[in-house]
Amino acid sequence: MNTPDPMRIDRRVAIKWMLTASAGAVFASRPAFGVPAAEAPAGAPAKPPDGYGLDPDLLRAYKPGDLWPLTFSAAQRRQVAALCDVVIPADSRSPSASAVGVTDFIDEFVSAPYPDNVRDGKKILEGLAWLDAESARRYGAVFAEAAGPQRASLCEDISRDDPGRPGLKPAADFFRLFRNLVAGGFYTTPEGMRDIGYEGNVPLARFDGPPPGLVERLGLTDEVKW
Amino acid sequence: MASVSPISVSDNYDVVVVGSGAAGGQAAYTLAMEGARVLMIEAGRKYDPVSETPMFQTNDTAPLRGAGTPDKYFGFHDATVGGGWIVPGEPYTNASDEEGRQFTWWRARMLGGRTNHWGRIALRNGPYDFKPCSRDGLGFDWPISYEDVAPYYDKVEMLIGVFGSNNGLENTPDSPDGVLLPPPRARIGELLARQRGRGLGIPVIPIHRAVLTRMLDHRAIPPRLHPGNAKAQRILSEDMQGRAACFWATPCGRGCSIRANYQSTTVHLPPALATGNLDILANAMAREVYLDTKGRAAGVTYIDKTTGQEHRASARAVVLAAGACETVRLLLNSKSGRFPNGLANSSGLVGRYIMDTVGAEWGGHVPLLESLPPHNEDGAGGGHVYVPWWLYREQKRGRLGFARGYHVEFGTGKMMPGAEGPYLPDAGGTTSFGSRLKEDARRYYGSYVSFTGRGEMIPNRDSFCEIDPTVVDKWGIPVLRFHWKWSEHEIKQAAHMQRTFADWIEAMGGTNTKAPDPDGRRAIHAGGAIIHEVGGTIMGNSPSNSVTNPWSQAWDVANLFVADGGVFASNADKNPTLTIMALAWRTADRVLDEMRRGNI
């Protein structure tokens, strides 16, 4: 029996992906970077869209959804939470990504009005649609309903660019983008910062530099006239 | 705070100062402390770092995990409010759409301006930096020398508080004993870079930054800064006791509510206001300098941004400290029968010779720094060490292929994680995830080292700004149009930066993910991107070759002064802010002298 290539991307999704990529190019030159409105690339907004503006309250603690509406459906939330936890699962040192609110952060990111978010948000939504379709095709269940090993296997397949399968590149690009977002969302939380050993952001009476022994261990010296 | 509205503006000021940043803050401080009555005009809103600075806020409580957006380019918690690369309703234009010929303009519209978020790197220009043309025949010499400015560097360093050390290196001036505060200990990555830099001949020394590593000496300093002025000494002494030493947390770019670093709003303005001699008018967009019948500056016309109404503020003297380009705009928009080409522009040089800093970066992964025991590396915010330009001899022998130098700033350590996520090398092109991602994040956190090159740009005929013939801002004020071109010197310098840094990463046992680009055109940032723009009203020794005299006083109008970086005749690799403040203090002394002598 002639089995179809498991990594073949649905043609309609692929076309949409291509269209998204070309639309994204309009924003790629980052019109916000001081380019006067008159010279901004065609199609780019003449001014920043409605975000939090130039003078937001910097002291307030914000939650996703406070500044612009979140847009994920219930099914998308389940899927994103499942994918978050494949990317960052719980272990003995820290919880999983979805357990510390990264799903909400991804929703906030995808729903944000800024050009970069609009561009990357489209890629993510397309990627999520592809992931569900591919999961259903392979396992007869959308991603969130697939078994753990099935989810991991699917992610494994899109965690690298395979030169033999150029059609896979959009899925691999999506996965890298999504992974980076999850990592940024997770390691900015108190749990994530603790996990990697960020010990700052506390007031100290004095700054002592590296801990005792470390300078010597690396064969360095700290005797310069400071 | 003695903030005033257009209705309560007095008609009895000695000086009106346009701008409230490093230049305006220092000028207003010196003038008010020495008894002059000052009105400060600021285009942005009032801003109080003590009550508005987000200290200790973490990125998970910020929108988009604190990532930069078009609204807050340097991140959500960055101190800048009301400004950025784009200021709504206040456009500017570029004459060319050619690649590499754009100027990008950062404007902070807030009290204190850019000093609220700046990197606090406070380097002195050296003796060579004031006489560059004499050394290599390029650009211009200043009409003043290091010796003229040194006493003002001393005073500014004592006033604002600068940590650093004296290392006696070429063209890298030492400060007098007791002026600098002790530098903080170096971080582990900085020590490794220092050790491995030695083999490459690269000297790593403590950087100078405007951060209090201990409280200022409130007894000894005020008499040195204000001899014979008991009131100023008392006010400054009291104010210095209200500035805490750094507690080694919270990035300086957010500003500092405990006033441990320098920003105009925490260091210059509070004592100046305490004298009762300073009024601050915020939300006032200066439009032009108007003249009296004798052709002297009579005051400043401004738009009250809250009402759109135009008003005038009069004074005996006008000090422009709006930032180099905004000052150019004000002068060129101040046209009259007597000065049809704009004020102070008989030389035709207003707007000419705009300079920024050459900027290029490079970074790499250093395995020796993997899996180090967790420890707090926040320190004083930015880098604790730097490299002053070190290749004077090679350059003199013609071995580098470009003129003028750069210094190197560092990025190392286990800093507070941001939206971009931790460094993940993704070996073999594989996007890591799952338990491997968690292990990688722990292992590689703090193992990425970055170098930032900041170099000198030589003034050239192709980099300038002028009034756009058709575009106006939302108040109808004509806007600036920029022209920009890097010379081969800057482009080759940027390539040299990346090559040097890549070699350095390898000397640290690290790996470069790609080879540095030999074409500096791809390494160098756009003009304006480093936010060190200076020039446009350069000082000189003759009215034909400059806009101001050696005292930053307009040749054409005796009671008009430029206190900002506009007067720079060159833009050394050293970050301009400390020199701006030193010159602003010197300019304010000149204003006071001229008033005492009855000349203005």
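Derivation of every value follows stated rules applied to the coordinates shown; laboratory data play no part. Keep in mind it's a predicted model, so treat the numbers as computed, not measured. Don't worry about glycine lacking a Cβ; one is built from the backbone with ideal geometry, like all the others, and counts go over all protein chains shown.
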Seminar exercise, completed: The FRET efficiency for B:Glu420 and A:Asp161, from their Cβ-Cβ distance with R0 = 35 Å and rounded to 0.05, is 0.95
Exercise. Say R0 is 41 Å: what FRET efficiency, to the nearest 0.05, do B:Ser3 and B:Tyr392 get from their beta-carbon distance?
Worked result: 0.25
Exercise. With θ set to phi - 60° and the Karplus curve 6.51 cos²θ - 1.76 cosθ + 1.60, what are the ³J(HN,Hα) couplings of the range B:519-527 in order, to the nearest whole Hz, using x for Gly and Pro?
Worked result: 8, x, 4, 8, 8, 6, 6, 5, x
Seminar exercise, completed: In order over the range A:114-131: 3J(HN,Hα) from phi, Karplus 6.51/-1.76/1.60, θ = phi - 60°, whole Hz, x for each Gly or Pro, gives 6, x, 4, 5, 4, 5, 6, x, 4, 4, 5, 4, 5, x, 5, 5, 4, 4
Problem set entry | For a label point 7 Å along the Cα-to-beta-carbon line of B:Gln195, residues of the range B:484-522 with backbone N under 18 Å | B:504-511
Exercise. By its C-alpha gyration tensor, with a ≥ b ≥ c as the square roots of the eigenvalues, how is the range B:167-223 shaped: rounded for a/c under 1.5, else prolate for a/b larger than b/c, else oblate?
Worked result: oblate
Problem set entry | Euclidean distance between Cα centres, the range B:1-16 to the range A:196-224, Å | 50 Å
For this session: Set the Förster radius R0 to 56 Å, insert the Cβ-Cβ distance between B:Asp48 and A:Ala147 as r into 1/(1 + (r/R0)^6), and round the FRET efficiency to 0.05.
Result: 0.50
Problem set entry | Computed lengthening from B:Ser10 to B:Asp503, 0.36 nm per intervening residue step minus Cα-Cα distance | 171.4 nm
Exercise. Given charges of +1 on the Cβ of Lys and Arg and -1 on the Cβ of Asp and Glu, with all other atoms neutral, how large is the dipole of the protein assembly as shown about its Cα centre, in debye to the nearest 20?
Worked result: 440 debye
Exercise. Mind listing P(r) for the range A:52-124? All alpha-carbon pairs, 10 Å bins, whole percents.
Worked result: 19, 43, 30, 9, 0
Seminar exercise, completed: Note: chain B at 4 °C, 1.567 mPa s; Kirkwood Rh on alpha carbon pairs; Stokes-Einstein D in µm²/s works out to 53 µm²/s
Problem set entry | DSSP H segments from chain B that extend 24 Å or more along their own axis, Cα-based, with Kyte-Doolittle mean of -0.5 or above | B:577-596
Exercise. In nm, to one decimal, how far is the B:Lys294 label point from the A:Asp208 one, both placed 7 Å along Cα→Cβ?
Worked result: 6.7 nm
Problem set entry | Rough spin-label spacing in nm, given labels placed 7 Å along Cα→Cβ, for A:Ala61 and A:Ala90 | 2.2 nm
Problem set entry | Å³ per residue enclosed by the Cα convex hull of the protein assembly as shown | 158 Å³
Problem set entry | Residues whose placed amide H lies under 5 Å from that of B:Val162, excluding near-sequence neighbours | B:Leu181
Problem set entry | Top positive-direction residue, dipole computed over the range B:164-207 with Cβ charges, set B:Asn171, B:Ile188, B:Ile205 | B:Ile188
Exercise. Can you list the residues, at least 5 places off or on another chain, whose amide H is less than 5 Å from the amide H of B:Ile477, using H built in the peptide plane?
Worked result: none
Seminar exercise, completed: Of all DSSP beta bridges with both partners in the protein assembly as shown, the antiparallel percent, nearest 5, is 65 percent
Problem set entry | Hz values of 3J(HN,Hα) by residue in the range B:93-107 - Karplus curve (6.51, -1.76, 1.60), Gly and Pro given as x | 10, 10, 6, 10, 9, 5, 5, x, 10, 9, 10, 10, 10, 8, 10
Seminar exercise, completed: Gyration tensor on Cα atoms of the range B:251-291, a ≥ b ≥ c root eigenvalues, a/c under 1.5 rounded, else prolate if a/b beats b/c, else oblate, says oblate
Problem set entry | Shape of the range B:101-140, Cα gyration tensor, a/c cut at 1.5 | oblate
Exercise. Simple spin-label model, 7 Å along Cα-to-Cβ: B:Thr430 to A:Arg194 in nm?
Worked result: 3.0 nm
Exercise. Counting Lys and Arg as +1 and Asp and Glu as -1, what is the net charge of the other residues whose Cβ lies under 11 Å from the Cβ of B:Val408?
Worked result: -2
